[in-house]
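K.L.:
Quick one: the structure is below, and I'll ask about it shortly.
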Amino acid sequence: MAKRYEKVMFGLPCIFRHDYETPEVAVKINEYRARSVKEFTEFLTNVPGSDKFETFLDVGAGDKVDMELFKELNPEYRKVRGIDIYLDEEDYDSELVKMDWYEMGTSVLGRQNAVYINHSLEHAANIYALMEQTSKLQDKGDALFIAVPEGNSEFGYAITSSTTHFSVVTKGYLETTLQRFGYNVVVEEREFRKGAPELFAFAIKQYDGFGEN
């Protein structure tokens, strides 16, 4: 089953296709998403000063499943929000905003203690600029989680499973990019499902990195 989107990219009208998995695989994916949210929550509890965290942003939030899971595990967070460009009008509300990554900014979203980017980074046309925007939303001590297909595998090649994939991300590239924007980061190699390796990045903002004003 597929869903089509029309969008202008680099001045040209384009049609994108996003493929959905079988119901059986969808169950496994939901289990995976729950595990990802739980691991980020456990990471957050170990961040110094995390008791002062109030805001959470899901970049590429889609159907809000991860947002709802996070709220269940972290009721003390004052504001949980998500952004996604691939939304129909009936899909978004006060918590889930139709917004592309380049529209992110503190004037729109405010400061974000915890940013969660789960299998959305590969959909960005410019990862470097996305991470610059993300860094500007966060202060020293704030936390970031990223899960992304491993770029040296078939799973990580752009346009393999969806025409909304634009970027290929390797471990070294992810580490270096986050470090440039002021993050202390640990990247772990995982398996999304059999034959589909991915990268899990857990990071803490340490300073305003290269590219910040």
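Bear in mind these aren't lab numbers, they're just calculated from the coordinates by the rules spelled out. These numbers come from a predicted model, not from an experiment. Here the Cβ is made from the backbone with ideal geometry for all residues, glycine too, and neighbour counts use every protein chain on show.
K.L.:
Using Cβ contacts closer than 10 Å as the measure, can you line up Asp208, Asp58 from fewest to most?
P.N.:
So the ranking, lowest neighbour count to highest, is Asp208, Asp58.
K.L.:
When only Cα pairs under 8 Å and 6 or more residues apart are kept, what is the percent relative contact order across segment 23-205?
P.N.:
18
K.L.:
Still on this structure, please answer the following. Rounded, prolate or oblate for segment 31-116? Axes are the square roots of the Cα gyration tensor eigenvalues, ordered a ≥ b ≥ c, and the cut-off for rounded is a/c under 1.5.
P.N.:
oblate
K.L.:
Is there a quick way to get the dipole size of segment 23-205? I mean about its Cα centre, with the Cβ of Lys and Arg at +1 and of Asp and Glu at -1; what is the value in debye to the nearest 20?
P.N.:
Magnitude of the dipole: close to 600 debye.
K.L.:
Ok, one more. How would you rank Ser135, Ser107, Ser50, going from fewest to most other Cβ atoms within 10 Å of each one's own Cβ?
P.N.:
Ser107, Ser50, Ser135
K.L.:
Something else: Report, by chain and number, residues whose modeled amide H sits under 5 Å from the one on Tyr183, excluding near sequence neighbours (fewer than 5 apart, same chain).
P.N.:
Gln206
K.L.:
Filter Lys52/Lys194; Lys98/Lys140; Lys140/Lys194; Lys38/Lys140 down to the pairs with a C-alpha to C-alpha distance above 31 Å, please.
P.N.:
From the list (Lys52/Lys194; Lys98/Lys140; Lys140/Lys194; Lys38/Lys140), the Cα-Cα distance tops 31 Å for Lys52/Lys194; Lys140/Lys194.
K.L.:
If you don't mind, there's one more thing I want to ask. Roughly how compact is segment 23-205, stated as its Cα Rg over 2.2 N^0.38 Å to two decimals?
P.N.:
0.96
K.L.:
So, one more: Take Glu188 and Tyr128, extend 7 Å from each Cα along the Cα→Cβ direction, and tell me the distance between the two endpoints in nm.
P.N.:
Taking the simple label geometry, Glu188 and Tyr128 are separated by 3.0 nm.
K.L.:
Same structure again: Amide H neighbours of Phe192 under 5 Å, at least 5 residues apart or on other chains, H built in the peptide plane: list them.
P.N.:
Glu198
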